[in-house]
Each structure stands twice: as C-alpha cells, then as structure tokens.
Amino acid sequence: MADAGTQNQKEGDESRLSEAEIAVHWKEEEVYYPNPRFVGQANLTDPNVSDRFSEKNFPECFREYADLLSWDKYWTTTLDTSKAPFWKWFVGGKLNASFNCVDRHLEKYRNKAALIFVSENEEDPPEAVTYQELYIRVNEMAALLRDFCGLKTGDRVTIHMPMVTELPVTMLACARLGVIHSVVFGGFSGEACGARIVDSGSRVLITMDGYYRSGKLLDHKVNADIACRKASEEGTKIEKVLIWKRFRDKSASPTPMVEGRDFIVNDLLKKFRGHLVPPVSMAAEAPLFLMYTSGSTGKPKGCQHSTGGYLAYVTGTSKYIQDIHPTDVYWCMADIGWITGHSYIVYGPLALAATSVIYEGVPTFPDPGRPWRIAEQLGVNIFHTSPTAIRSLRKVGPEEPKKYHYRFKCMTTVGEPIEPEAWRWYYEVVGRGETVVTDTWWQTETGGFLCSTKPALDPMKPGSTGPPMPGIYPVVYDETGKELPPGAGRAGNVCIRNPWPGIFQTIWGDPDRFVRTYYAKYNKDKTSTDWHDWPYFAGDGALWAKDRYMRILGRVDDVINVAGHRLGTKEIESACLTVPEVAEAAVVPIVDAERGRVPEVYIALKPGVKPEGIPEKVTLAVETVIGKIARPRAVRIVPDMPKTRSGKIMRRVLASISNRMDYGDITTLANPEVVEQIRVQVQGAGPVEKKAAPEDIKRFGQDSG
Ligand code: PRX
C-alpha cells in the first residue's frame, strides 16, 4: 500500500502538470480549405466580417442579425446593461416569431415546402408541408390553444412530443400567441416531464399518442399519465392534456383517455378549421421558450430564451454558418427536444424560408444507408449531425455513403468534441472530400453558435471547433482568473467576455442561480453595469491555439455529455436513491467509443441488504426518473464510497478507476484502503492501469460551478 501511495503521489503531481502536457502532445492537424464552388455561392464571403463585428462596433454590429427579421416596431436601444448580467437586446422593438417563420414567407414561397416529414417506417412516403399549409395549421392550432384552452401571452405550456411535423406546428402556435413553450425531449420519461411541468407552472400538456423508434411503435400517451401524476404529487395540476394522433385512421396507443382531461387534438381542430389568429406583437425581450438543461445540482435549469435577441441570433448564424438560402433543403438530424433542434431545425431555418427536414427515427434504422437514402431522395444539400451519429454510422456502415447520389454543399457537427479520425471520415466519405464542414461549439444557454469556422472564409481543422463567431469575444481563464491568451499552451475555463443576442435571459424562477452558476466565478464587481465586468462562464475546459481556433476539452463540472446530450450526475444519483435499499450513489462518466461519455453508477447498500437484483432495480429507476438515455453502463455495488475526511464522495477517484486511469493522490482520503478494493473489483487484481486521462475525466467532480 505504501508503495502504491508513493507511486500515486508521484503520478498525482504529473496529472497536475498535464494541462500543459496536452498542449505539448497536441498534434496540430492539417487544415482543409473550403472548395471554390461552395465559396462562390456562400452567404458570407466578406473577409472583413470580423472587423465589422469587432469590439469597437459592439453592440451595434448585431443590428445586422436583427435586420434579417421583420419587426412590427424597430428597437430603440440595441443593448441595455442596466440590470447586469440580465442583458436586454433590441429594447423597444416588437415582433412575433411565428410571423417571422411563417407569414412573411407567404408572398414569395407559399407553395414551397417548409417542412418535410420522414417517417421511420421507410414504406411511408415523405410528407411535405408548404409554407401556406404551415400557416393554416399554425393558425388553427393557435386558435385551439387560445379558445379551447384559454391560453394567453406569458402562460407556459409543456410539450412532450416525438419528431413529427406537429411539434413545430405546436411551437409556432404558442409563439403566435406569446405563450412560452417548454419542449421536453420525447425520449425523457414521464416523470422527467412531470418535474419540468412543475417547475414551469404549465397547466396544459401537449403530447402525441405514439411514434416509431428502432422499428417499434412506442406508446407515448402513457408518459402523459405519469407526468400528470408526478406533477400533481408536487402540487401542479394539469388541466388539459392535448394528444396529437400519429396516424390519421387509428390510435397509436392502448392507454385509455382520462375523461375531462384528455383531448385528441385532431378532433378538436375540426372546430377551428380556417380560423386565423393575428400574431401577438411581442416585446423583443419577452420570453419565447424555456429549454431545460442539466447542471451541477440535481434540478434541471429552465433556460429562458428571448423573442427578439434569440431569433435574430439563430437567423443570423443559420444564414452565415449553416449557409442557408431559401432554395436549400436542410436536414439537421438532432431532436427538436434539444436546443439544436429549436435553433437549427425550427427557428433559424424557417426564419430564412428554408425547407427543413424532420426525421422521426434513429439514423441507422433499418440499416446505416438510411440517412444517405433520405438525403438522395429529398435532395438534401445541407446536413447537420453529432459526433455520436457520425461515429455510429462510420462503425456500422463505413462504405454506405458511397452507394447514394446525394451532394452536400456543407455539413455541421455539434454537441461533443469530435476525434480527428471521425472528422476525416465525415469529410472524406460523407462529404466526398469536397463538402465544407463546420464544427459548431455552443450550449443550451447560448441560443446559437459561439465558435465555428466561417464556412467560406476559414480553413477547417479536424478536432477543433474554430475561431470565435463574429461578435463573440472569448477569454480562457485559469482557476485563479488569470488569462491564458491564444497560444498560451495551457487549458483553462472558456468564458465569453461579452453579451450577445442569443444568450439566455435567466433560469426560470431562479435568477440567483443564474448569476451564481454563469457569472459569479469571474465577476469582480457585483454592482457593475458594465458588461466588461461580467464574463459568461461556459463550464467547458478549452485550449485556445495561437490561430484562435478553440479546442473544447469537455465539461469542467458534474455534467456528463452522453451522445451530445447533457445529463447531471446529481440527477442520476437522486434517481438511484429512489431505490430504498440504496444508501449512497455516485455517478461517473466513462469514455465510450461511440457515445462519447456514458454514466456508470457506484452504490453502497444499507446495512443487511442483499445485493441480488439491486443493479437491475437501480437501472430501472434511472430509466423511469430520467429516461433510457441516462441508462448506466454498469451498476457497481461497493462496500463503501471513497470519501474525504469531511465526508464528500470522491467521484474523481471512481471515475479514474472506471476509466482504467491512474487515480492520483488519495492520501487525504478518510478511507484510502477502499480505493484499492474497488479498483480490484472493477479492474481485476493486476497492476494499476495507467491510461492517459481525457481532461474532463481528470477534472471530474472537482469544480461544481
Ligand atoms: O461541453 C460542450 C459540448 O456540449 C455542451 C453543451 O451541451 P448542450 O447544452 O446540451 O448543447 C448541445 C448542443 C449545442 C457544451 O458545454 N459541446 C457542444 N458543442 C460542442 C461541444 N463540445 C465540443 N465541440 C462542440 N462542437
């Protein structure tokens, strides 16, 4: 033990040095240049754009984005910082998001497809919805929400739906009325949906009876019953559940209707046929929607996004980075239930009158040729997906793209760091070595992209997101607040020095947590109304290269990024603790070749409890409380948790063991002997394994920002 201790002490010192080490070993990748055919048609080709958006022109530079929208009333103040850090953009301005995404396109694009729905069942033909049809459907749904549900401006509505056309229709109907939508990812459990209903104070839940996933028809209505029960247990009563039908002629769910509470939307809509609802003229800073995301503490945060600033930012970035023209067929494979879908399936593309594709199912169903067949069939020319999807398509169908005749002009990757190897397959095979790739780094909180290459202007560097977006001024700080400038060769915490229109406004119902989590760390003067004093703390570790390309290393807090989706360890741990036999639970991320990171669970049992069947119970609890997405890779029952003398569980040590990495210094623990027991249990009795640790695993559990 003594030997191991000394060894670990030494390794611990080395691991403290490794931030610098990353830079030393960090191989500069060869860059790739955009092809001239793309450049010739691109929306953003002015090399002076960075100058136009430089600090001397801030904040007025963002007028360019806001001017892409149709305003009922032009704004008077571009940025109001008087209640820092609660920034207000385009103050005095008025507009409606549904008008901007639908009505204003009718004159020119009435009969152009706004959305094309692709069922997972490949025998069903794609269903296009023109802008005219979208207009009618949004109006009728808005009339229903207003007149049947009594919803009005400022009310919140929870939407728990799969990837179907009816989801953007419902969102835009809410936006038309100024009703704040809170879309919960369809794959989240009924309980997770219920918790979000309670937090947002919704009294209407909108759902769908069922949907296809991996070839199975899933009963989704059953989740609405669970959500309502969970909400009512916590004191929030859902008055009406509106259920869209997945099929015109039959029900997709065997779950019975609840009399007086549940209503089939498709039936109700008959009463509203042809009704038109004038779009409510909203203040630019009125909330458009809430999007819940995970943080360091157990409770998900309702990120509140504004109408004017958000819409301006996603429209501008969709135009210049996604390079969307109204003639493009754009397909983002994300789910609308996450921020990527809100910004870059619905609001950004529709504000630009693009055709946006909505695919219901999993990319590899029924085989890994599916995405490329869809692209070929619909003439998709802009493609947007995540490293997880890229890894999995590469693994199961590396040659598939070659079989199909699609042609992408640009492609995006988002949500997690992408390995240069996976990037190169995306570029060479999916993009045929000619498609421009943007790696966009951003977050639920930020509304839109923060770093990315400008597709016609900047070379691509595999594994690095790119330089800051126009008008975004990042800074990388070390823990003490010392700046690590580009080329410093050390990783630190990436922050954004300035506000931008897409930044969220607050955490719904918890402004203190908003300030504490995102601004307190590097703010020096709480009373300041000068934006320079309020750097936004993104919660990611990053290395900023000399050429100003950012390499994102992953989260620095207790958030696990599973397949590009954020899960809080505390959320998963509380789910484990709902199993009565469990005394303590600790969740750690483990590196997964396909999904980036996946959770692994350690539990200690209450005295006298037999371990049989407990791991299964814990897994089920996690799936029930959060959803299948959070399913742990393994549940390990341990005699005790490694703890500090003050009783804090050392998740970092467990993470190292799970990842077969050196666990560093454990001499300060209250029970160091348990570490070796756990190591042997997980890794076997051989010598301590010492793989190099990725940065997020090394830092895991050390900062609770
Ligand atoms: O760690 C970063 C990672 O995903 C986190 C944000 O997750 P979420 O709010 O769910 O939004 C995902 C879609 C924008 C970030 O803090 N992340 C996102 N994009 C990238 C990334 N990591 C590396 N490279 C990216 N391009």
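The values are calculated or read from the model by the stated rules, or taken from the named source; none is laboratory data. Remember, it's a predicted structure, so these values are computed and weren't measured experimentally. Because the Cβ atoms are built from the backbone with ideal geometry, glycine has one as well, and the counts that use them run over all protein chains shown. Heavy atoms of the whole protein, side chains included, go into the accessibility calculation; ligands, DNA and RNA do not. Shrake-Rupley method; radii C 1.70, N 1.55, O 1.52, S 1.80 Å.
Some points to look at:
- Criterion (part of a loop (DSSP other than H, G, I, E, B), open to solvent by less than 10 Å² (accessible area, probe 1.4 Å) and over 18 Å from Leu450 (Cα atoms)) met by exactly one of Gly260, Gly295: Gly295
- Residue check, Gly466 open to solvent by less than 20 Å² (accessible area, probe 1.4 Å) and within 12 Å of Ile552 (Cβ to Cβ): yes
- The stretch 116-127: number of residues that are touching a residue at least 24 places away in the same chain (Cβ under 8 Å) and either in a loop (DSSP other than H, G, I, E, B) or over 20 Å from Gly210 (Cβ atoms) (or both): 6
- The listed residue being touching a His at 6+ places or on another chain (Cβ under 7 Å) and either surrounded by fewer than 21 Cβ atoms within 10 Å (Cβ to Cβ) or part of a loop (DSSP other than H, G, I, E, B) (or both), out of Ile629, Ile666: Ile629
- Taken as a whole, the condition of being open to solvent by less than 10 Å² (accessible area, probe 1.4 Å) and among the β-branched types (Val, Ile, Thr) applies to Thr307.
- For the stretch 231-247, a residue qualifies if it is open to solvent by 20 Å² or more (accessible area, probe 1.4 Å) and either small (Gly, Ala, Ser) or modelled with pLDDT under 95 (or both), and the qualifying residues are Ser232, Gly235.
- One residue from Arg636, Arg566 being modelled with pLDDT of 95 or more, under 30 Å from Lys395 (Cβ atoms) and outside any loop (DSSP other than H, G, I, E, B): Arg636
- Qualifying residue in the stretch 498-512 (condition: farther than 25 Å from Lys648 by Cα, touching a residue at least 12 places away in the same chain (Cβ under 8 Å) and of a type in the set (D, E, K, R)): yes
- Filtered by the rule that a residue be open to solvent by 20 Å² or more (accessible area, probe 1.4 Å) and assigned to a loop (DSSP other than H, G, I, E, B), the stretch 275-285 gives His275, Leu276, Pro278, Pro279, Val280, Ser281, Glu285.
- Residues that are open to solvent by less than 10 Å² (accessible area, probe 1.4 Å) and within 13 Å of the ligand (Cβ to nearest atom) within the stretch 314-343 comprise Val314, Thr317, Ile321, Cys332, Ile336, Gly337, Gly341, His342, Ser343, listed in sequence order.
- Any hit, the stretch 237-248, residues being part of a loop (DSSP other than H, G, I, E, B), over 30 Å from Glu285 (Cβ atoms) and without any contact (Cβ under 8 Å) to a residue 12 or more places away in the chain: yes
- Long-range neighbours under 6 Å by Cβ, at least six apart or interchain, first residue over 20 Å from Pro387 (Cβ atoms) within the stretch 314-338, second open to solvent by less than 30 Å² (accessible area, probe 1.4 Å) and within 12 Å of the ligand (Cβ to nearest atom): Val314/Ser343; Val314/Gly448
- Within the set Lys570, Lys521, the sole residue that is more than 13 Å from the ligand (Cβ to nearest atom), surrounded by fewer than 20 Cβ atoms within 10 Å (Cβ to Cβ) and more than 30 Å from Val622 (Cα to Cα) turns out to be Lys521.
- Of all the criteria given as (1) out of contact with any Asp or Glu (no Cβ under 6 Å at 6 or more places or on another chain); (2) closer than 24 Å to Cys303 by Cβ, the one not satisfied by Leu95 is (1).
- Residue within the stretch 503-516 that is in a helix (DSSP H, G or I) and either of a type in the set (Phe, Trp, Tyr) or touching a strand residue (DSSP E or B) at 6+ places or on another chain (Cβ under 7 Å) (or both) present: yes
- From the list Arg424, Arg432, the lone residue that is away from the ligand (no atom under 15 Å from the Cβ), of a type outside the set (Phe, Trp, Tyr) and part of a loop (DSSP other than H, G, I, E, B) is Arg432.
- Qualifying residue in the stretch 502-511 (condition: within 24 Å of Thr307 (Cα to Cα), touching a Leu at 6+ places or on another chain (Cβ under 6 Å) and open to solvent by 10 Å² or more (accessible area, probe 1.4 Å)): yes
- Taking the stretch 439-465 as the range and being in contact (Cβ under 8 Å) with a residue 40 or more places away in the chain, near the ligand (Cβ under 9 Å from one of its atoms) and outside any loop (DSSP other than H, G, I, E, B) as the test, the residues that pass are Thr440, Trp441, Thr444, Glu445, Thr446, Cys451.
- Cβ-Cβ contacts under 9 Å between residues 6 or more apart (or on different chains), taken from a first residue in the stretch 38-64 that is farther than 24 Å from Ile503 by Cα to a second residue that is among the hydroxyl-bearing types (Ser, Thr, Tyr) and surrounded by 17 or more Cβ atoms within 10 Å (Cβ to Cβ), are listed as Phe38/Thr435; Ala42/Tyr320.
- Set side by side, the residues Met171, Met163 differ, and just one is in contact (Cβ under 8 Å) with a residue 60 or more places away in the chain, open to solvent by less than 10 Å² (accessible area, probe 1.4 Å) and part of a loop (DSSP other than H, G, I, E, B), which is Met163.
- Of residues in the stretch 392-419 being of a type in the set (A, V, I, L, M) and within 16 Å of the ligand (Cβ to nearest atom), the one modelled with the lowest pLDDT: Ile418
- Top-ranked residue in the stretch 368-391 [being among the β-branched types (Val, Ile, Thr) and within 16 Å of the ligand (Cβ to nearest atom); ranked as nearest to Pro349 (Cα to Cα)]: Thr385
- Of everything listed in (1) more than 16 Å from Tyr330 (Cα to Cα); (2) of a type in the set (Phe, Trp, Tyr); (3) within 16 Å of the ligand (Cβ to nearest atom); (4) in contact (Cβ under 8 Å) with a residue 40 or more places away in the chain, the single unmet condition for Phe365 is (3).
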